[in-house]
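The values are calculated or read from the model by the stated rules, or taken from the named source; none is laboratory data. A quick note: this is a predicted structure, and the numbers were derived from the prediction, not measured. As a convention, Cβ positions derive from the backbone with ideal geometry for all residues, glycine included, and neighbour counts pool all protein chains shown. Accessible surface areas use protein heavy atoms only, side chains included; no ligands, DNA or RNA. Shrake-Rupley method; radii C 1.70, N 1.55, O 1.52, S 1.80 Å.
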Amino acid sequence: MRQMKYNGFFIPSARALVITAVVILVAACGGGGGGGGAPSGKPEPNNPLIEGPINGGGGEDCCFILDGAIDLRTQGYTPGRPFFADVFFDPAEVGYQQKEYFMSGTANSYASAKELGANGNWEAYPDQTAEYRTRIVVYRPIDPKRFNGTVVMEWFNVSGGIDAGPDWLQTQTELRRSGYAYVGVSAQSVGVEGGGGAFDISLKVVDPVRYRTLEHPGDSYSYDIFSQAGQAVLRPAGMDPLEGLKAKRLIAVGQSQSAARLVTYHNAVHPLVDVFDAFLIHSRGAAAAPLAQFAAGDEEDEVGLYPFSPTLLRVDQPEPVITLQGETDLFRLGSIDARQPDAGNLVLWEVAGSAHSDIYTTLKSPRDKGGDPVMADVTEEAEVRPPFIECRFPANDGPMHWVAKAAIDNLDRAIRGRHKIPRAPRLATVLREDEFILDDHGNVEGGVRTSYVDVPVAILSGEGQSGSAFCDLFGTTTLFDDTKLRELYPTRESYVEAIRTSTDAAVAAGFLLAADGDLIKQRATEVDIGGR
């Protein structure tokens, strides 16, 4: 396959791979990695220096972005709190605390003497070193007894020029409900220093007082920085960012651009260090991220630097991996070229009716304290994240966040014991065509099924969107009119029963958590859908 380079990635010439941040402000049993399995025999990463908790900041230069055009205090940000894609409410209201720590040390870059082949079986080695100083954001239960022993660690996404945590926003209600700790890591330079992404909303731009001492040496060192963040949580030396909570299991998560980073991490770095017990690779494209980056004009040998595209996940590691994909990811990002069979610890879930990002992530989750059945409503909204993202059509309001919560639960149970992560059919596509097979209502067939597509009230698509920056990743929602709803559901009871049957099936299959299924079923009894 002929290849071309796009923003540092090699990609198939037939597809344009765009890995983006989409939030502003925003298997078998596990094996020998991290803290959850038998000893792996792999070396541990270096322990970084942890300082904090960090307080203060603000001042006259705080919070203005885009040459002063926007004051982030009007967008839900409160000076003195860690800056990233976060919820808008005080976590203490839901029994959690949030603290920020600075993390510093010496990080390795990685290199390979061989090509980074398509099968993912790469042979990397530590190369150069550099000093760094970045930050981590920690959420944990206030009551130590509520901690379930598992930490979810997210590689912050920086494609928007900001540290964004889309997987935090999609899963935060389940993480709090089940007692997880969460750590977000500023692993990449753009989120700290600026100089890339769609907007410059880096830490030093937003609050130069709070973040002026941070120094990032570049993304070549991002993989080891991420490893060291995991080490600081699992095996703290000095200050403990979990404040005495014992982390027994560590799950790495990353969405979109960060998913590309985790593909490279899994293939090149994970075999070398003992850190992570499982991976959630969410909304990846066909390509993996480069193993290292060099300044423009540097004449470096690209052998062993840029992965072949499409890039598969290596299959020889014992830790469980779920690759979680929306409809947008298959053709818009080209992930259909990186489809691989489920094999042992590797599982692919493609979610019907979902998009690369959606209304829940950007608008609903920041206000979702958990337990609210209204979150199950399917809505039409084109202003995805005003004033940054305003689309032409109503964006997708599909089921991805429900399935993402179930993915975390499945990974956690796989680490703990002999839980087999369920397999899912692939989304139905026309052979050799960039086209989905749709049902009579306009929703895609196949994939992970939920009531959102099996008891539809709308056409939910990952495609067909346009508008401002990132809109093409938000898919669309087209609500059915009352006439069609009455045709589909002659009585309210028929709608409620159909929701119950479909939702119970998704829970039984392992793609939906029972507590979330209860919210969906409760909401079906409250809305006025169907005839009389």
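Observations, loosely collected:
- Checklist (1) over 26 Å from G56 (Cα atoms); (2) in contact with a Lys or Arg (Cβ under 6 Å, 6 or more places away or on another chain) applied to R235, failing item: (2)
- Residues that are assigned to a helix (DSSP H, G or I), open to solvent by 10 Å² or more (accessible area, probe 1.4 Å), in contact with a strand residue (DSSP E or B) (Cβ under 8 Å, 6 or more places away or on another chain) and of a type in the set (A, V, I, L, M) do not occur anywhere in region 339-354.
- Checklist (1) touching a Leu at 6+ places or on another chain (Cβ under 6 Å); (2) at pLDDT below 95; (3) polar (S, T, N, Q) applied to N345, failing item: (1)
- Candidates A38, A28, A21, filtered to the one that is open to solvent by 10 Å² or more (accessible area, probe 1.4 Å), at pLDDT below 80, within 24 Å of the chain's Cα centre (by Cα) and closer than 30 Å to D277 by Cα: A28
- Matching residues, region 494-528, being part of a loop (DSSP other than H, G, I, E, B), open to solvent by less than 30 Å² (accessible area, probe 1.4 Å) and over 14 Å from A406 (Cα atoms): V527
- Note on region 474-493: residues that are open to solvent by 40 Å² or more (accessible area, probe 1.4 Å) and either part of a helix (DSSP H, G or I) or touching a Lys or Arg at 6+ places or on another chain (Cβ under 7 Å) (or both) amount to 9.
- Residue check for R314: touching a Gly at 6+ places or on another chain (Cβ under 6 Å), open to solvent by 10 Å² or more (accessible area, probe 1.4 Å) and farther than 21 Å from A198 by Cβ: yes
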